[in-house]
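A.B. asks: One structure coming up, written as structure tokens, with questions to follow.
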Amino acid sequence: MPEFKREDFDATKLRYMRNLLQRQVQRIANLQESNFIRPISERLDKYTINLEENLEWEKQINEKEIVHPVQHVDYPNLSMVGRILERRWIRNPVFFKILKHLGKKHPFILQTWEILELPDFRVMIIQEQPYNSDIEEYVMRHGPQDERQSFDWARQLYKALDYLGDMAICHNNLQPRFVKIDQFANLHLTGFFDSMVYWSIDNCSVMCFPCQPLTERNFTTPDFKAPEVYGDPLREQYDPIMADIWSYGAIIYFIFTGHYPHDYRILNPEIEYELNQNVRAMSISASGQDFLANLLTTQVGIRLNFDKIIKHAWFEQFPKKFGKQSPRRLKSITRTPDSKFQRSQIPITQIGGASNYFNVNKKDN
């Protein structure tokens with residue numbers, strides 16, 4: 001048997017990934033909206049739309065968004081919704097293409113069945129609705145999660161993001177409210193209206209994006225974006241994949257603690273120290289602390305990438321230590337009409353104890 005060196009394997013893997021990403025970018029570029037956004041009149045025989053019920057808590061893109069329950073004629077037991085949007089709300093030129101490209105391909109990414117053209121420059125996005133909650137709502141209602149549940153959600157979210165990466169897509173707006181939970185505690189990632197294609201065919205590398213102006217940063221509510229996302233858009237850029245990884249770490253930290261990993265209300269020149277201290281104060285395993293510390297670092301060069309995440313001791317040792325988790329049904333996720341969750345109705349100052357949402361101990365400056 002011929003000797004097979006590690007460097008040969010790495011080079012082969014790199015060539016494979018580059019070819020894969022190039023094919024995905026070309027597939028997205030070749031998508032024509034006129035070919036996959038069909039007039040609703042052509043599909044009314046496939047869907048029953050309940051126009052009498054408006055699901056207020058399902059809005060994602062615009063406060064004027066209308067969301068109706070939808071039933072597929074061939075799959076009547078499948079819970080679905082139709083999101084009615086005005087085209088002028090969509091600032092991202094590849095939003096519809098990305099939804100079409102992702103389609104129904106991954107169990108941890110919310111399925112998009114069809115995009116239908118409506119009169120008056122509107123569209124209806126028909127998606128699955130296997131959930132009644134999201135990470136933000138669930139943690140605010142029920143408090144921080146133990147390490148077993150946090151690990152399971154971290155693993156599922158990693159798989160969703162890793163798949164996005166293979167599809168040449170970065171999420172670019174990861175937040176707990178865009179991570180939906182179904183009744184079996186499985187995650188479904190959504191919120192792709194800021195997502196972009198990150199791979200450059202010409203340069204055969206990741207495209208860096210211009211930083212967002214600091215004036216656009218929200219100092220009243222956390223947005224879960226990496227610190228390097230904000231800067232001078234004329235001179236500074238950020239790596240969107242590494243920024244997604246920081247956001248991934250911030251979501252896991254929130255699942256563990258109910259807190260944001262740093263004080264988002266101020267510009268702290270010692271944010272790295274603040275992040276590290278907050279992670280080290282967590283009551284979790286040493287490998288879990290190390291995992292989060294290496295995700296929630298402002299030093300992009302030492303932040304864990306996707307290959308290192310899956311090889312980290314926490315990902316490798318935790319399942320062996322605690323065993324495989326059996327599928328379970330989270331009854332407390334189910335929402336009744338009288339318990340609709342309104343984020344604006346829960347002031348930060350009124351939540352105390354272990355679930356003190358987005359309230360961290362600040363270091364004296």
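The values are calculated or read from the model by the stated rules, or taken from the named source; none is laboratory data. Every value quoted in this text rests on a predicted model; they were computed, and no experiment measured them. Methodologically, a virtual Cβ is constructed for each residue, glycine included, from the backbone with ideal geometry; neighbour enumeration extends over all protein chains shown.
A.B. asks: Can you tell me which residues in segment 102-122 are polar (S, T, N, Q) and in a strand (DSSP E or B)?
C.D. replies: Thr112
A.B. asks: Condition check: outside any loop (DSSP other than H, G, I, E, B) and either among the hydrophobic types (A, V, I, L, M, F, W, C) or out of contact with any Lys or Arg (no Cβ under 6 Å at 6 or more places or on another chain) (or both). Does Leu99 satisfy that?
C.D. replies: So Leu99 fits the description; yes.
A.B. asks: Given the residues Asn172, Asn203, Asn186, which is the only one that is among the polar types (S, T, N, Q), more than 28 Å from Arg15 (Cα to Cα) and assigned by TED's automatic domain parsing to the domain that holds Ala160?
C.D. replies: Result: Asn186 is the single residue among Asn172, Asn203, Asn186 that is among the polar types (S, T, N, Q), more than 28 Å from Arg15 (Cα to Cα) and assigned by TED's automatic domain parsing to the domain that holds Ala160.
A.B. asks: For segment 255-272, state whether one or more residues are surrounded by fewer than 18 Cβ atoms within 10 Å (Cβ to Cβ), within 27 Å of Arg27 (Cα to Cα) and not acidic (Asp, Glu).
C.D. replies: Within segment 255-272, none of the residues are surrounded by fewer than 18 Cβ atoms within 10 Å (Cβ to Cβ), within 27 Å of Arg27 (Cα to Cα) and not acidic (Asp, Glu).
A.B. asks: Next question. Kindly indicate whether Val81 is outside any helix (DSSP H, G or I), of a type outside the set (Lys, Arg) and in contact with a Pro (Cβ under 9 Å, 6 or more places away or on another chain).
C.D. replies: The answer is yes for Val81.
A.B. asks: Condition test on Asp244, is it touching a strand residue (DSSP E or B) at 6+ places or on another chain (Cβ under 8 Å) and acidic (Asp, Glu)?
C.D. replies: Spelling it out, Asp244 is indeed touching a strand residue (DSSP E or B) at 6+ places or on another chain (Cβ under 8 Å) and acidic (Asp, Glu).
A.B. asks: I'd like the full set of residues that are over 11 Å from Gln129 (Cβ atoms) and not β-branched (Val, Ile, Thr), limited to segment 58-67.
C.D. replies: Correct list: Lys59, Gln60, Asn62, Glu63, Lys64, Glu65.
A.B. asks: Could you check, for segment 270-293, whether at least one of its residues is under 23 Å from Val197 (Cβ atoms), in the same structural domain as Asn172 (by TED's automatic domain parsing) and out of contact with any Ser or Thr (no Cβ under 8 Å at 6 or more places or on another chain)?
C.D. replies: No, the conditions are met nowhere in segment 270-293.
A.B. asks: Across segment 207-233, what is the number of residues that are in contact with a Cys (Cβ under 9 Å, 6 or more places away or on another chain) and either outside any loop (DSSP other than H, G, I, E, B) or not acidic (Asp, Glu) (or both)?
C.D. replies: Total satisfying the criteria: 6.
A.B. asks: Here's a follow-up. So for segment 264-281 (the condition being among the aromatic types (Phe, Trp, Tyr), farther than 27 Å from Lys311 by Cβ and modelled with pLDDT under 95), does at least one residue qualify?
C.D. replies: Among the residues of segment 264-281, at least one is among the aromatic types (Phe, Trp, Tyr), farther than 27 Å from Lys311 by Cβ and modelled with pLDDT under 95, which makes the answer yes.
A.B. asks: Here's another thing I want to ask about it. Determine which member of the set Glu42, Glu56, Glu114, Glu52 is surrounded by fewer than 14 Cβ atoms within 10 Å (Cβ to Cβ), touching a residue at least 24 places away in the same chain (Cβ under 8 Å) and not assigned by TED's automatic domain parsing to the domain that holds Tyr198.
C.D. replies: Result: Glu56 is the single residue among Glu42, Glu56, Glu114, Glu52 that is surrounded by fewer than 14 Cβ atoms within 10 Å (Cβ to Cβ), touching a residue at least 24 places away in the same chain (Cβ under 8 Å) and not assigned by TED's automatic domain parsing to the domain that holds Tyr198.
A.B. asks: Just to verify a result, which residue in segment 234-269, among those that are in contact with a Ser or Thr (Cβ under 8 Å, 6 or more places away or on another chain) and part of a loop (DSSP other than H, G, I, E, B), is nearest to His142 (Cα to Cα)?
C.D. replies: For segment 234-269, the residue satisfying everything is Gly258.
For every residue, the table says whether it meets (1) without any contact (Cβ under 8 Å) to a residue 24 or more places away in the chain; (2) over 24 Å from Arg27 (Cβ atoms); (3) part of a strand (DSSP E or B); (4) touching a Cys at 6+ places or on another chain (Cβ under 8 Å).
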site	(1), (2), (3), (4)
Glu136	no, yes, no, no
Met140	no, yes, no, no
Leu161	no, no, no, no
Asn173	no, no, no, no
Phe184	no, yes, no, no
His188	no, no, yes, no
Phe192	no, no, no, no
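A.B. asks: Let me ask something else about it. Look at Cys170 and say whether it is buried (at least 18 other Cβ atoms within 10 Å of the Cβ), at pLDDT 95 or above, in contact with an Asp or Glu (Cβ under 9 Å, 6 or more places away or on another chain) and among the hydrophobic types (A, V, I, L, M, F, W, C).
C.D. replies: yes
A.B. asks: Additional query: Taking the condition of being over 19 Å from the mean Cα position of the chain (by Cα) and either in the same structural domain as Met17 (by TED's automatic domain parsing) or surrounded by fewer than 14 Cβ atoms within 10 Å (Cβ to Cβ) (or both), how many residues in segment 219-235 meet it?
C.D. replies: Qualifying residue count, segment 219-235: 5.
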